[in-house]
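Comments concern the structure below.
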Amino acid sequence: QVIKVYSEDDTSRALEVPSDITARDVCQLLILKNHYIDDHSWTLFEQLTHTGLGRAIEDHELVMEVQSNWVTEEENKLYFRKNYAKYEFFKNPLSFFPDHMISFPSETHAAVSHSGILQMFLSSSTYPEIHGYLHAKEQGKKSWKKLYFLLRRSGLYFSTKGTSKEPRHLQFFCEFSNSDMYMSLTGKKIPGAPTNYGFYFKPNKSGGTRDLKQLCADDEQSRTCWMTAIRLLKYGMQLYQNYMQPYQDRSGCSPLNITPMRSISENSLVAMDFSGHRSRIIENPTEALSVAVEEGLAWRRRGCLRLNSHGSPIAMSNMGMSIHRSQSWFHHKISREEAQRLILQHGLVDGVFLVRDSQSNPKTFVLSLSHGLKIKHFQIVPLEDDGKLFYTLDDGHTRFTDLIQLVEFYQLNKGVLPCKLKHYCARIAL
């Protein structure tokens, strides 16, 4: 079988694969062919071109089965990209299941640890109940109704009488074994939807939107909770096995004691001082900043005149203004909406970021950052002092000679930001 996989910049690659290949195997194949670092966040996405919906294909799913559900004329696509939120709920369940949306079986003790919540989700005998209000689109109509929903092992229900959980007031909405869950890829509201936080269920063998079941949450936390719980309900222990597989592949080690061959966490970024007989780690952020700035200035002084392509000298100050363009985290002229879409696709994990040109002020830049299931935008302002150009996020209190220095500093220190910069959004090429 031949499949075609796209990347963020719409380059594509055709792969000849066996008919029983899984999404994880396709990712491993592309990682090897493109010499990428495998940090276990690479994911295969399914994009429904006609409806503008998409989903991350689970690692164990058979790619040919996914494609067999496509309608020929829709030109749907497979995308290869990062998804840092894929298994984040195993690492940090606290932020995924807020107390007001979850309740436990009556025989369970009132206080349940958050690791205990996951064990209950994965157990075959018990299951926590997720509940709360959602907006549901009425079948065949344009109107939406706000209803009280409950997620149980047998499926998703809504109450016909307020928040009543009595069986006579509960009406079945859908189950998940024969349908897949999607969300809007545009980052915008679906026309007519009451909020931006929609998610949708599409029967496997159905084409178009006729049989699409549409729901909207009031905020990102609520949507994330519903979608995570439904994934756990549908796949159960298979999700945990997917999460553990990379670690088990390394001689059965657990994720608690594994040391990656190349770290991709913020711990891999350490300020060092090599000026003495022995190198040392610089612990003080203020000292780290001053050393970084001094190194940057020294580097520019050493090569204050470089030759351009025609053999003529060029001032390094001009280079400093554009040196960031070659960086994977820099996205030239993309809009705020496009930045939000990219971050959403990479997963709303704290520290996912990109830097872009400001649309409102051509001379400034914007740092777009995910934190607390929200995307925040911080303006990077250029300052001129004594004939030298600097960049700052905090009105000049902390200054950097170029954007690379700025990003590297905030990868080490959160400073005025709500969290450190951890994972950048990159437009990879295949």
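The values are calculated or read from the model by the stated rules, or taken from the named source; none is laboratory data. No experiment lies behind these values; they were computed from the predicted model shown. Heads up, the Cβs are rebuilt from the backbone with ideal geometry, glycines too, and the neighbour counts pull from every protein chain shown. Calculation scope for accessible area: heavy atoms of the full protein, side chains included, ligands and nucleic acids excluded. Shrake-Rupley method; radii C 1.70, N 1.55, O 1.52, S 1.80 Å.
Miscellaneous remarks
- With every protein chain in place, the stretch 125-169: carbon and sulfur % of accessible area (1.4 Å): 53 percent
- For the residue pairs Lys4/Lys145; Lys161/Lys376; Lys4/Lys142; Lys165/Lys202; Lys388/Lys414; Lys77/Lys420, the C-alpha atoms sit more than 32 angstrom apart in Lys4/Lys145; Lys161/Lys376; Lys4/Lys142; Lys77/Lys420.
- Excluding ligands, DNA and RNA, the accessible surface per residue across the stretch 2-82 is 45 Å² with a 1.4 Å probe.
- 16 Å Cα-Cα reach of Lys141 towards lysines, excluding residues that sit fewer than 8 places from it in its own chain: Lys213
- Counting Lys and Arg as +1 and Asp and Glu as -1 over every other residue whose Cβ lies under 10 Å from the Cβ of Leu215, the net charge comes to +3.
- Annotation: per residue accessible area for the stretch 324-424 equals 45 Å², rounded to a whole number [probe 1.4 Å, protein chains only].
- Nearest-20 debye value, the stretch 324-424 charge dipole, Cβ charges on Lys, Arg, Asp, Glu: 360 debye
- For the stretch 2-82, the fraction of 1.4 Å probe accessible surface lying on carbon and sulfur atoms is 48 percent.
- Apportionment of accessible area to carbon and sulfur, the stretch 324-424, percent (1.4 Å): 45 percent
- Taking every C-alpha pair closer than 8 Å and separated by at least 6 residues, the mean separation divided by the residue count of the stretch 2-82 gives a relative contact order of 38 percent.
- The Lys145 and Arg168 beta-carbon pair, evaluated with R₀ = 30 Å, returns a calculated FRET efficiency of approximately 0.95.
- Square roots of 5 times each gyration tensor eigenvalue, C-alpha, the stretch 2-82, largest first, Å: 19, 14, 12
- 18 Å reach of a label modelled at Ser328, 7 Å along Cα-to-Cβ, counting backbone N of the stretch 30-63: 30-45
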